[in-house]
Amino acid sequence: MQTLISGATALKIPLSREQVEQFRVFAALLGEWNQKMNLTAITNSVEVQKKHFLDCLAGMPLVAEELGAALPPKRALACVDIGTGAGFPGVPLKIAWPNLKLTLVDGTAKKIRFLDEVVKALALKNVTLVQGRAEELGRDRRFRGQFDLATARAVARLNTLTEYVLPFVRQGGLAVIYKGPNAAEEFVKARNAIEILGGETVRFSPVSVPMLDEARRVLLIKKLRKTHRQYPRQQGLPRKEPL
Ligand code: SAH
């Protein structure tokens with residue numbers, strides 16, 4: 001876990017011995033389950049530490065800065081991770097930021113089964129697992145407008161993704177979206193969707209992941225207004241006909 005330890009230090013994210021151990025167990029489970037099912041294409045240990053763990057942690061300083069909070073923030077915020085897959089960025093954030101009240105959402109049952117095992121093995125508290133489509137859960141009162149933060153990484157293009165994510169955020173809360181090299185191009189096409197859904201871009205910042213020479217950006221969208229009840233649209237419309 002040396003790569004993770006050096007990288008977290010570079011990001012100024014404090015990790016105790018116990019937290020590093022949680023990352024180690026998470027990596028081991030990822031490797032083990034990946035033999036039975038396709039969870040991630042990244043299997044090499046150092047690559048997992050860089051491209052999954054540090055990549056996810058790299059968004060945290062920006063969020064803390066926007067909240068005007070310490071790193072990790074002390075307030076117990078409610079966060080939902082949409083299309084979390086094998087738990088990214090939700091699980092690394094939860095390990096590094098233990099008082100986060102985390103909900104992990106994915107459409108695929110096998111991902112949720114894996115995450116159930118992870119939550120137990122890491123003894124994570126205040127984590128809720130939900131299997132379902134963002135388009136449906138975003139209309140459900142139990143989830144709509146309930147979160148201080150909503151995160152997503154590698155789920156859909158930005159114009160589609162904003163329609164998945166913003167309905168979950170409470171007024172005044174933040175959507176935290178992780179993007180790769182196509183970020184700028186996608187962003188231009190997503191401006192309209194952000195406006196319609198009640199958001200305002202507060203940051204669209206290049207983020208450097210320690211020891212990784214790849215372009216990354218984190219987009220922070222503040223929810224100014226409630227999302228109109230017609231959104232999110234269902235039956236795959238956010239993807240087929242993005243706003
Ligand atoms: N966020 C993870 C996984 C990315 S793969 C990571 O960064 O590694 C995309 C995941 O999003 C898949 O697990 C898929 O099941 C889920 N997904 C895609 N569209 C979704 C939707 N509309 N609702 C819920 N989950 C969705």
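Values quoted throughout were computed directly from the atomic coordinates according to the rules given, and no laboratory measurement underlies them. Every value quoted in this text rests on a predicted model; they were computed, and no experiment measured them. In this analysis, Cβ positions are derived from the backbone assuming ideal geometry, glycine residues included, and neighbour counts consider all displayed protein chains.
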TODO: May I ask you to verify whether Val127 is of a type in the set (Val, Ile, Thr) and closer than 27 Å to Ala96 by Cα?
DONE: yes
TODO: Being of a type in the set (D, E, K, R) and within 15 Å of the ligand (Cβ to nearest atom) is the filter; apply it to region 6-52 and report the residue that is farthest from the chain's Cα centre (by Cα).
DONE: Glu47
Task: Within region 92-118, considering residues that are within 10 Å of the ligand (Cβ to nearest atom) and β-branched (Val, Ile, Thr), the one nearest to Arg144 (Cα to Cα) - done: Val105
TODO: Could you please give the count of residues in region 53-79 that are under 10 Å from the mean Cα position of the chain (by Cα) and either surrounded by fewer than 19 Cβ atoms within 10 Å (Cβ to Cβ) or within 11 Å of the ligand (Cβ to nearest atom) (or both)?
DONE: 1
TODO: Can you give me the ranges of the helices (runs of 4 or more DSSP H) entirely in region 1-111 with at least 1 residues that are of a type outside the set (A, V, I, L, M) and touching an Asp or Glu at 6+ places or on another chain (Cβ under 6 Å)?
DONE: 90-96
TODO: Output the qualifying pairs, or none if there are none: Cβ atoms under 7 angstrom, residues six or more apart or on different chains, first residue in region 126-142 and under 20 Å from Pro238 (Cα atoms) and free of Cβ contacts under 8 Å to residues at least 60 places away in the same chain, second residue outside any strand (DSSP E or B) and more than 9 Å from the ligand (Cβ to nearest atom).
DONE: Gln131/Ala109; Gln131/Ile112; Leu137/Phe143
Open item on the list: Being in a helix (DSSP H, G or I) and surrounded by fewer than 21 Cβ atoms within 10 Å (Cβ to Cβ): is that true of Lys125 here?
Closed with: no
